[in-house]
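Everything below concerns the one structure shown next.
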Amino acid sequence: MAKSGDRQGRSMTAEEALDLINPKGSRVFVGSGCGEPQYLVEKLLERAQTLYDVEIVQALSTRAPGFTTEKLGQHFKVKTFFMAARGAREALMEGRADYIPVFMSQVPRLFSENRLELDCALVQVSPPDDHGYMSLGVAVDVAKEAVGAAALVIAQVNPRMPVTLGDSFIHVSEADALVEQDEPLLEAPDPVLDETDLLVGGNVARLVEDGSTIHAGLGRLPKAALAAMKNKTDLGVHTDMLTDAYLDLIRAGVITNRRKEYHRNRIVASYCLGTRELFRFVHMNPFVEFYPIAYTNDPERIGRHHRMVSIHEAMEVDLSGQICAAGIGHKVYSGVGSLVDFLRGASRSDRGRFIVALRSTSEDGRESRIVATPSPGSDLIGSRASVQYVVTEFGSVNLQAKSLHERSVGLIEIAHPRFREALYNQARDLGLLSRGDPISLFRPVVYPHHLERTIEQGGEPFMVRPAKATDIRAIQEFFYGLNDQDVRFRFLRTMKAFPREAIAAMAAPDYHNRMTLLVLKGEVGFERVVAVGRYMAIDQGDMVEVDVAVADDHRRVGLGRRLMKLVYEAAESRGFKGVMAFVSHDNPKTLQMIKNFGYKARARLDHGVFEIEMMFDEKTDEPYFEIIYPEPA
């Protein structure tokens, strides 16, 4: 249809505009999400009996489409690329709607190259400005491409549609019909979070560095992750979907966009999925720019950002690292959406991170969401080679550059304790784990996140945290890096090898009677162990044996003393009364440290080894090292 002339010649009633649609076999694009032109949709439904086999295409559906009622089956067929609400999901599961699996970044090409030819596009816009430009507002997404590709464009002009900046505008000359109708926009409030969601979110937030550019997908867990980032600084945002969850971080000054490589000082988004509070925020706000989804979801453009972090919610992860995010089995709950676009983009980013978050169990707690193999029919959106971090309420694991064996160990470790032994046995049956792996690796213990901390020593930052089963190899490498004398001082004997079996107990403590603290340097998941501190309960009593070792290239900066203090604090917090240390008589540096450590140290010399006892309630400001000699026989 010709597209020339001014606004006046295009203004008409909804009835007049919809009369322009071919009533038989047309394919009609309907604006997505909160930007859905509800008035036009209602008027189209009113004339359903005069329409036949009209195909409705939506990029994202936030409600049960009225087109999908059973009595309208001969009149409408709905196809969607993504389902963001229960109503749309139920329509699909009941066969009243259809789903097109596709990367969201590829949808515009389906329109522009007529692979999904559009006869009509129904969109919602702001009133034209003095130059005839109308904003697609909170739903730029694929609507701009749909407008460019459709043979007929009908725009609902709504004064409540925010004017968003960036590349959100179409001109009145691009519309064949303008229908004026004032109505509230559809809203999509953020989901309510529970305690488990917040635990997962906190674990995700620990992986986000200051200065990162973030993208949070749909769901409770990405929202929980954003809620846990209030202590971060100078975050940026490059996303397809903007939600209310970002607002608190913006108001708190956490999101500044100052360190973004592209669109510095600006949030980049494609559409809003939120409430009127969010709509008011984006209206005429130069801090936020909206672009078509082909732009925001371009993996190459995403990857240009330094420290690009993309957070997505999964429904199931198998022990090899395959991700099911769109649904479980043959039930589709959402869709491919933007997950793969941002996965590819984050993987290209310098220090980028792609994080998959999931609850360890189903909502009722009966099923593990970490599984030995995917449920039959599941849509495997993330392959074994693509996913980096997996996070549950019990911790996180970095799968990148990890073997199938290492992945299995790491994923079992963050599974719900109730399912770990079963997963371990299934992994052995599948050949993912060897029969030689000690079952003690998978005792139902909960990792003590509160003991994690970042310290600075000698002008360098280090992470201190309890050891995990996935640390066995890193601890082996640490001990192999010690010289012969250091090994003798640590083990009180010479050792040529540190076999996996010998290190396993150290790397998989019970976090009460046995605790190992590691000092780590480097990126999470690829850290180097530079110091190891440990305590072990003595005969299940109220005393623990302690030891500390530090890599040669990190000595003489007080790291050993700092780690020893943290080991003492961990033991005391668990109710132990004091420590025992066994130190070779020819290890003067350690003996001197103990003498000046702040506790009364009492020692007995036995065959060249000092057996040193210190009680937590016997602190002193003076150096103290008393040698107790055995009484003569």
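Some points to look at:
- The stretch 110-124, subset within 33 Å of the chain's Cα centre (by Cα) and assigned to a strand (DSSP E or B), residue farthest from V57 (Cα to Cα): Q124
- Qualifying residue in the stretch 474-497 (condition: surrounded by 12 or more Cβ atoms within 10 Å (Cβ to Cβ), of a type in the set (V, I, T), farther than 14 Å from A531 by Cα and assigned by TED's automatic domain parsing to the domain that holds D547): no
- Residue that is modelled with the lowest pLDDT [pool: residues in the stretch 88-109 that are assigned to a loop (DSSP other than H, G, I, E, B) and closer than 15 Å to L60 by Cβ]: A97
- Here is the figure for the stretch 172-222: residues that are in a helix (DSSP H, G or I), out of contact with any Phe, Trp or Tyr (no Cβ under 9 Å at 6 or more places or on another chain) and not β-branched (V, I, T) total 11.
- Verdict on D210 being at negative phi, of a type in the set (D, E) and crowded, with 18+ Cβ neighbours inside 10 Å: no
- Among the residues making up the stretch 183-223, a single one is within 18 Å of F342 (Cβ to Cβ), without any contact (Cβ under 8 Å) to a residue 60 or more places away in the chain and not charged (D, E, K, R): A205.
- Restricting the stretch 360-383 to residues that are modelled with pLDDT of 80 or more and touching a helix residue (DSSP H, G or I) at 6+ places or on another chain (Cβ under 6 Å), the residue that is nearest to E313 (Cα to Cα): I370
- Residues that are under 45 Å from the mean Cα position of the chain (by Cα), closer than 15 Å to R604 by Cα and of a type outside the set (V, I, T), drawn from the stretch 568-590: M580, A581, F582
- The set of residues from the stretch 543-583 being under 17 Å from A531 (Cβ atoms) and β-branched (V, I, T) comprises V546, V548, V550, V557, V567, V583.
- Within the stretch 11-44, the set of residues being buried (at least 21 other Cβ atoms within 10 Å of the Cβ) and assigned to a loop (DSSP other than H, G, I, E, B) comprises G31, S32, E36, P37.
- Within the stretch 66-80, residues that are without any contact (Cβ under 8 Å) to a residue 40 or more places away in the chain and within 11 Å of A91 (Cα to Cα) have Cβ atoms under 7 Å from residues that are assigned to a loop (DSSP other than H, G, I, E, B) and among the basic types (K, R) in these pairs: T68/R96; E70/R96, counting only partners at least 6 apart in sequence or on another chain.
- The condition of being modelled with pLDDT under 95, within 22 Å of L60 (Cβ to Cβ) and among the β-branched types (V, I, T) does not hold for V356.
- When the stretch 498-520 is filtered for residues that are of a type in the set (F, W, Y) and either buried (at least 20 other Cβ atoms within 10 Å of the Cβ) or under 23 Å from D539 (Cβ atoms) (or both), only Y511 remains.
- Residue among V268, V254, V282, V288 that alone is aliphatic (A, V, I, L, M), farther than 21 Å from N398 by Cα and in contact with a His (Cβ under 8 Å, 6 or more places away or on another chain): V268
- Every residue from the stretch 244-262 that is crowded, with 22+ Cβ neighbours inside 10 Å and part of a loop (DSSP other than H, G, I, E, B): K260
- Considering Q58, Q49, the condition of being farther than 23 Å from P159 by Cβ, crowded, with 20+ Cβ neighbours inside 10 Å and polar (S, T, N, Q) is satisfied by Q58 alone.
- Residue pairs whose Cβ atoms lie under 7 Å apart, sitting 6 or more positions apart in sequence or on different chains, and linking a residue in the stretch 303-317 that is in the same structural domain as S386 (by TED's automatic domain parsing) to a partner that is among the acidic types (D, E) and surrounded by fewer than 23 Cβ atoms within 10 Å (Cβ to Cβ), are R304/E261; H305/E261; H306/E261; H306/D350; R307/E209.
- Considering the stretch 96-126, and only residues there that are touching a Gly at 6+ places or on another chain (Cβ under 8 Å) and among the hydroxyl-bearing types (S, T, Y), the residue that is surrounded by the fewest Cβ atoms within 10 Å (Cβ to Cβ) turns out to be S112.
- Elements of type strands (runs of 3 or more DSSP E) in the stretch 386-488, at least 3 residues being closer than 25 Å to L199 by Cβ and touching a residue at least 12 places away in the same chain (Cβ under 8 Å): 389-392, 395-398, 460-466
- Tallying residues that are touching a Pro at 6+ places or on another chain (Cβ under 7 Å), in a strand (DSSP E or B) and crowded, with 23+ Cβ neighbours inside 10 Å within the stretch 140-171 yields 1.
- Taking residues in the stretch 228-253 that are on the phi > 0 side of the Ramachandran plot, and partners anywhere that are among the hydrophobic types (A, V, I, L, M, F, W, C) and modelled with pLDDT of 95 or more, the pairs with Cβ atoms closer than 9 Å and at least 6 places apart or on different chains are D234/V254; D234/I255.
The values are calculated or read from the model by the stated rules, or taken from the named source; none is laboratory data. Predicted, not measured: the structure shown is a model, and the values here were computed from it. Please note: Cβ atoms are built from the backbone with ideal geometry, for glycine as well, and neighbour counts cover all protein chains shown.
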